[in-house]
1. Full extension from ASP8 to ALA72: what is 0.36 nm times the residue separation minus their Cα-Cα distance, to one decimal in nm?
2. Note down the relative contact order for the chain as a percent, whole number, built from C-alpha pairs under 8 angstrom at least six residues apart.
3. So if each residue of separation counts as 0.36 nm, and I subtract the Cα-Cα distance between ARG41 and HIS29, what length gain in nm does that give?
4. Once every DSSP H run of n ≥ 4 in the chain is given -39500 (n - 2.57) and the sum is divided by its residues, what mean residue ellipticity at 222 nm do you get, rounded to the nearest 500 deg cm²/dmol?
5. Taking the 0 to 90 degree range and rounding to the nearest ten, how far is the long axis of helix 60-76 tilted relative to the main principal axis of the chain, both from C-alpha atoms?
Amino acid sequence: MDATADSDPMTTLVEEFSGWHIWRGRSGHQLSGWYATRRKRLTNAEFRAGLFRTLAADDPHGLREQLEQQAAIQNQC
């Protein structure tokens, strides 16, 4: 999918990273932070290779960077 300037960051991330459950955190009644948790369990070898079960970022750009890093590591496993 090509992300456009006016696309919804949540929709784009969910579509591009289907192996992850992506959500926004809450602080009181305000949305706060961006999170992703893998939909599959990781093996001990995958943990040692640098894969994480859950990621957290302040904004969608930061979460995208982490998801892309995890994809690169996964491709090397």
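No value in this document is a laboratory result; all are computed from the given coordinates. The structure presented is a predicted model; accordingly, all values stated were derived computationally and were not measured.
1. Answer, rounded to one decimal: 20.6 nm.
2. Working: 87 pairs, mean separation 17.8, N = 77.
Relative contact order of the chain: 23 percent.
3. Taking ARG41 through HIS29 to full extension adds about 1.2 nm, to one decimal.
4. Computed ellipticity for the chain at 222 nm equals -12000 deg cm²/dmol.
5. 20
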